[in-house]
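Asks: Take a look at the following structure, please.
The values are calculated or read from the model by the stated rules, or taken from the named source; none is laboratory data. Bear in mind that the values here come from a model prediction, so they are computed numbers and not experimental data. So basically every Cβ, Gly included, is an ideal-geometry build from the backbone, and we count neighbours across all protein chains shown. In case anyone asks, the SASA skips ligands and DNA or RNA and just uses the protein heavy atoms, side chains included. Shrake-Rupley method; radii C 1.70, N 1.55, O 1.52, S 1.80 Å.
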Amino acid sequence: MPQNFNEDDIQYMHMAMELAREAEAIDEVPVGALIVRDGEVIAKAYNLREHSRCATHHAEILAIEEACRRLGGWRIPNATLYVTMEPCAMCAGAIINARIDRVVYGTADRRFGAFGSLIDLSALPLNHRPEITGGVLENETRDVLSAYFKRKRQK
């Protein structure tokens with residue numbers, strides 16, 4: 001995947017990593033997401049699947065829900081979603097349905113990634129195709145996840 005990211009992408013990915021660390025602090029898989037529109041963070045979230053006991057409470061879904069509430073509708077045009085790990089098929093579908101223009105993620109997810117690693121929903125002939133940028137702070141985002149799962153296996 002081409003490395004078409006800029007300094008703003010790095011700054012926002014650092015913010016997403018802070019959210020991931022908040023998730024990790026409450027023993028959730030450390031994934032953080034935020035949505036930016038016109039230079040303003042309009043939504044932010046982290047995984048809450050374990051605490052809520054709800055399969056859909058991934059960081060991306062929660063951020064999309066917050067953005068929809070804030071904007072007063074289900075479409076989130078002219079926005080970029082930043083997330084520390086490549087979205088899964090459920091999250092990729094929600095991103096496409098919300099009409100988010102761009103997705104920037106940190107580390108690829110070879111097991112569940114739906115924007116190029118395992119499958120690529122953005123390549124399907126759908127009515128909306130977000131621009132995908134992967135690998136922003138890839139090592140840092142991967143290391144946070146790897147350390148979390150290593151600790152979980154040791155318990």
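Asks: Quick check: is even one residue across the stretch 114-131 in contact (Cβ under 8 Å) with a residue 40 or more places away in the chain and hydrophobic (A, V, I, L, M, F, W, C)?
Replies: Taking every residue of the stretch 114-131 in turn, none turns out to be in contact (Cβ under 8 Å) with a residue 40 or more places away in the chain and hydrophobic (A, V, I, L, M, F, W, C).
Asks: Now, a different point. Could you tell me which of the residues Met17, Met13, Met90, Met85 is at pLDDT 95 or above and touching a Leu at 6+ places or on another chain (Cβ under 6 Å)?
Replies: Answer to the selection: Met13.
Asks: Please name all residue pairs, on different chains or six or more residues apart, with Cβ atoms under 6 Å, provided the first residue is in the stretch 27-41 and is closer than 12 Å to Leu71 by Cα and the second residue is open to solvent by 40 Å² or more (accessible area, probe 1.4 Å) and at pLDDT 95 or above.
Replies: Arg37/Asn78
Asks: Here is a check on your reading of the model: is Leu137 touching a strand residue (DSSP E or B) at 6+ places or on another chain (Cβ under 7 Å), surrounded by 12 or more Cβ atoms within 10 Å (Cβ to Cβ), touching a residue at least 60 places away in the same chain (Cβ under 8 Å) and of a type in the set (A, V, I, L, M, F, W, C)? Please lay out each step first, then the result.
Replies: Numbers: touching a strand residue (DSSP E or B) at 6+ places or on another chain (Cβ under 7 Å): yes; surrounded by 12 or more Cβ atoms within 10 Å (Cβ to Cβ): yes; touching a residue at least 60 places away in the same chain (Cβ under 8 Å): yes; of a type in the set (A, V, I, L, M, F, W, C): yes.
So Leu137 fits the description; yes.
Asks: If a residue must be aliphatic (A, V, I, L, M) and assigned to a strand (DSSP E or B), how many such residues does the stretch 113-132 contain?
Replies: 1
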